[in-house]
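The values are calculated or read from the model by the stated rules, or taken from the named source; none is laboratory data. Note that the structure is predicted; figures quoted are calculated from it, not measured. As a convention, Cβ positions derive from the backbone with ideal geometry for all residues, glycine included, and neighbour counts pool all protein chains shown. Each accessible area value is taken on the protein alone, full model and side chains, heavy atoms only, with ligands, DNA and RNA left out. Shrake-Rupley method; radii C 1.70, N 1.55, O 1.52, S 1.80 Å.
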Amino acid sequence: MNSATHITAPRRLLSRVRDVMAGEGTAQSRLDKITGIIAADLVTEVCSIYVRRAGDVLELFATHGLSSDAVHYTRLRVGEGLIGDIAAHANPLSLSDAKSHPSFAFRPETAEEDYHAFLGVPILRAGRVIGVIAVQNKTERKYTEEETETLQTIAMVLAELVVGGELIGRHELMPADGIALKPLRLEGTVYSGGLGIGKAVLHEPSFDIDNLVAEDPDEEMERLHEAFSSMLGHLDKLLSQSPLNAVDGGEHEDVLEAFRLVAEDAGWLRRTEEAVKSGLTAEAAVLKVKNEMRARLGAATDSYLRERIHDLDDLSNRLMLHLMGKAGADGAHLPEHMILVARNMGPAELLDYDHTRLRGLVLEEGSATSHVAIVARAMDIPVMGQVRDVLTKIDHGEAIIVDSDNAQVLIRPGEDVQQAFHETRKDQEKIKAQYAQLKDLPAKTLDGIDISLNINAGLLFDFEQIDETGADGVGLYRTEVPFMVRAQFPDVEAQRQLYEKVLDRADGKPVVFRTVDVGGDKVLPYWDELDEENPAMGWRAIRICLDRPAILRQQLRALILAARGRDIRVMFPMVAEVDEFIEAKKLLQRELDRVKERGGIAPENVHAGVMLEVPALALQMDKLIPLVDFISIGSNDLMQFLYATDRGNPHVSDRYDILSPFALGFLKSIRDRCDQAGVPVSICGEAAGRPLDAMALIGIGFRRLSMSPPAIGPVKEMVRTMSERQVAQFVHSTLSKPYVTIRPRLRDFAKDHGIKV
Ligand code: PEP
Ligand code: MG
């Protein structure tokens, strides 16, 4: 095939299909005609169009070649037969002998027994499969890639006919249980806590494209390129003006940088160019590629790839606005207090909205580690994800409440409910203001015991919280978090810069760097996920680092270089055997020697500690104690392994309580052992940030706690209202009792003694 026919053939077919679509007759008669045109053009004996109907069935709507009796009679479930297979995976399927395919489902009414070759593609609309178009031949021929492309282009145009409302009611194309105009309560997953009240703004740009088929492809190509470069320019401007620049010079930049890399990904532009070459207008080409990538990536098992869908959606929408000359429209018409509702979005899209009006974000999809969630957390707005079909249940401007604290979204809440939430919000603000006032007061018990309160940090903006909360330092810096938001593994220099910023921001207050705790649920996008049956107990943290020492050595080197004479505190996670700690310390020593040999400035003091989160290590304290400079108990993992209960599984995660005499006794034995040896010990799991739990931990002797920043205020208030002696006495009196938990007793005790928990 020479290149001229290669380019003109699909265009010719496309303009014929367009003419029929724009012509006379019912939608059904136009569909019938189109099947004939396609079959003739692609030289196939059959062309059939299936439309997805309510109940997830695909109904044969038109055919050229199969028995006409089958039209509106043959129905396949999504997933059933070859047609159902295409719909289920949103992928084209090309077979030279369809009947030998395991999914082939023969329907006698179609009389298709004589056909061998089969090519089918999904008809996509907004990332959803709304139908399938298939061609068949009697011979065992192989369809070319161009033919697949052509059929996909036709499918894109046909989508307009399907959603036009004439063939089937629009409601059938919506996911089940559509809008009912009554208040609704939806559940989802919390990506960022808090409470937001406002009016819904649906972030689902719908583009009315008048013209799908190009009159002049060269002109369309030019338009595409112009829009592309204008989009890149706009993006740069947007990123440089981001409201986060003021508070964060680190990870969110990486996030946005990764986003920019997607924008510049040649593959994306090339595919769009190809679609223009095949005869689509620039707008239609952008939409086609968006739909296809979305469907393809949506089926990917790799979470990193799936996450990139949103970046691509964001970019496609953005490019579309530039094509249509609507970019940069201001948001003055948006409500004063807005809750953004989206299927999903990229980080730059979120930044497009006026952040002073944003009160919350609700996503149908997303994940806690998606770029938009990370940026939203940095902006301190509540975010709920995985809220199913929310876009079909709410309209622009309707009242909505994002109650992330209770993992719920309330749609069209009644006046009284809104009022109640406004009160809650006001109360929360008042309480926040009260906690802020405690910031400079000491965390000292009524009987004069000082408690050191520290924060757990992950992203750079968390370090702002040292000052805002008046914390004593950072008891746990989860260094894997910045690794997780990047597009690739940060090299020594990138890490050095980051750690330097961290130490600068801490301004002399101690920061405990926990070396990378990846693996398990903490997946790095650029690492192949291991398919492990029990990832939490699998190849993670120190186990990876000792097997691949370069990772740990680079991290330690970066840290030493960043310190430049200052103190450093390093802690190794998931150590189960003392020997693992010894090995890790050897690597640390090698890196210290290396820096010195090269004339670098060594840290003033190096404190090497261990994270105690595997029970086996707690039973080797005699060997461990002489080797460590400090111990930090990771009670999240320690409890999960001690009780063999998955901390992430809501069915069991609350089954055993850290406030049981056994667990407290166990923690106390570790604490006592450290105390005898003069080794500083702290607790940095979630329990340390819950006032009642923290009270009990202080009661068994802990003096150093590390918690998420918002917990500092409530815990400090508790500390300042408790008497260490009284609490210790009470907790000790329960340790020999056969209770599963002493939580209710502790709560009563706190109440009776005026302790604010
Ligand atoms: C812990 O296990 O208690 C801990 C603080 O570490 P992470 O939650 O990061 O596993
Ligand atoms: Mg842990």
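Only residues that are under 24 Å from Phe749 (Cβ atoms) and within 26 Å of the chain's Cα centre (by Cα) were counted across region 640-689, and they come to 5. Report whether or not Arg725 is over 39 Å from the mean Cα position of the chain (by Cα), basic (Lys, Arg) and within 16 Å of Ile755 (Cβ to Cβ). Criteria met by Arg725. Applying the set (1) surrounded by 17 or more Cβ atoms within 10 Å (Cβ to Cβ); (2) hydrophobic (A, V, I, L, M, F, W, C); (3) at positive phi to Ala376 leaves exactly one unmet item: (3). Of the residues Leu561, Leu552, which single one is farther than 18 Å from Val518 by Cβ and assigned by TED's automatic domain parsing to the domain that holds Arg690? Every option except Leu561 fails the conditions.
Residues are listed down the side, and each one gets a yes or a no for (1) open to solvent by less than 40 Å² (accessible area, probe 1.4 Å); (2) more than 26 Å from Lys288 (Cβ to Cβ):
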position	(1), (2)
Phe61	yes, no
Val71	yes, yes
Gly79	no, no
Asn91	no, no
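Val46 fulfils the conditions (1) over 14 Å from Gln136 (Cα atoms); (2) at pLDDT 95 or above except for a single criterion, (1). Taken over region 591-601, residues that are part of a helix (DSSP H, G or I) and without any contact (Cβ under 8 Å) to a residue 12 or more places away in the chain amount to 3. Just one of the listed residues (Arg566, Arg598) is under 22 Å from Gly473 (Cβ atoms) and more than 16 Å from ligand 2 (Cβ to nearest atom), namely Arg566.
So which residues in region 602-638 are open to solvent by 10 Å² or more (accessible area, probe 1.4 Å), within 16 Å of ligand 1 (Cβ to nearest atom) and without any contact (Cβ under 8 Å) to a residue 40 or more places away in the chain? Within region 602-638, Pro615 is the sole residue that qualifies. Within region 617-627, identify whether any single residue is in the same structural domain as Met707 (by TED's automatic domain parsing), in contact with a helix residue (DSSP H, G or I) (Cβ under 6 Å, 6 or more places away or on another chain) and either within 15 Å of ligand 2 (Cβ to nearest atom) or on the phi > 0 side of the Ramachandran plot (or both), and answer yes or no. Checking region 617-627: at least one residue is in the same structural domain as Met707 (by TED's automatic domain parsing), in contact with a helix residue (DSSP H, G or I) (Cβ under 6 Å, 6 or more places away or on another chain) and either within 15 Å of ligand 2 (Cβ to nearest atom) or on the phi > 0 side of the Ramachandran plot (or both).
Out of all the residues in region 737-757, which are farther than 15 Å from Asp447 by Cβ and outside any helix (DSSP H, G or I)? Residues satisfying the conditions are Lys737, Pro738, Tyr739, Val740, Thr741, Ile742, Lys756, Val757.
In region 1-92, counting only strands (runs of 3 or more DSSP E) that sit wholly within it, the ones holding 1 or more residues that are closer than 21 Å to Gln152 by Cβ and in contact with a Lys or Arg (Cβ under 7 Å, 6 or more places away or on another chain) span 57-64. Within region 657-689, the set of residues being free of Cβ contacts under 8 Å to residues at least 60 places away in the same chain, more than 15 Å from ligand 1 (Cβ to nearest atom), touching a helix residue (DSSP H, G or I) at 6+ places or on another chain (Cβ under 7 Å) and closer than 19 Å to Val731 by Cα comprises Arg673 only. Criterion applied to Leu667, Leu697, Leu705 was being buried (at least 23 other Cβ atoms within 10 Å of the Cβ), within 22 Å of Gly458 (Cα to Cα) and not small (Gly, Ala, Ser), and the one residue passing it is Leu705.
Looking at the structure I just gave you, is Leu453 more than 16 Å from ligand 2 (Cβ to nearest atom), assigned to a strand (DSSP E or B) and not small (Gly, Ala, Ser)? Against the criterion (more than 16 Å from ligand 2 (Cβ to nearest atom), assigned to a strand (DSSP E or B) and not small (Gly, Ala, Ser)), Leu453 qualifies.
Highlighted here are the helices (runs of 4 or more DSSP H) found entirely within region 489-590 that include at least 1 residues which are open to solvent by 20 Å² or more (accessible area, probe 1.4 Å) and within 16 Å of ligand 1 (Cβ to nearest atom): 541-547. Taken as a whole, the condition of being more than 15 Å from the chain's Cα centre (by Cα), at pLDDT 85 or above, buried (at least 19 other Cβ atoms within 10 Å of the Cβ) and assigned to a helix (DSSP H, G or I) does not apply to Val341. Considering (1) open to solvent by less than 40 Å² (accessible area, probe 1.4 Å); (2) in contact with a helix residue (DSSP H, G or I) (Cβ under 7 Å, 6 or more places away or on another chain), the lone condition that Ala54 does not fulfil carries the number (1).
Return yes when Val390 is buried (at least 22 other Cβ atoms within 10 Å of the Cβ), within 29 Å of Thr469 (Cα to Cα) and of a type outside the set (Asp, Glu) and no when it is not. For Val390, the condition - buried (at least 22 other Cβ atoms within 10 Å of the Cβ), within 29 Å of Thr469 (Cα to Cα) and of a type outside the set (Asp, Glu) - is not met.
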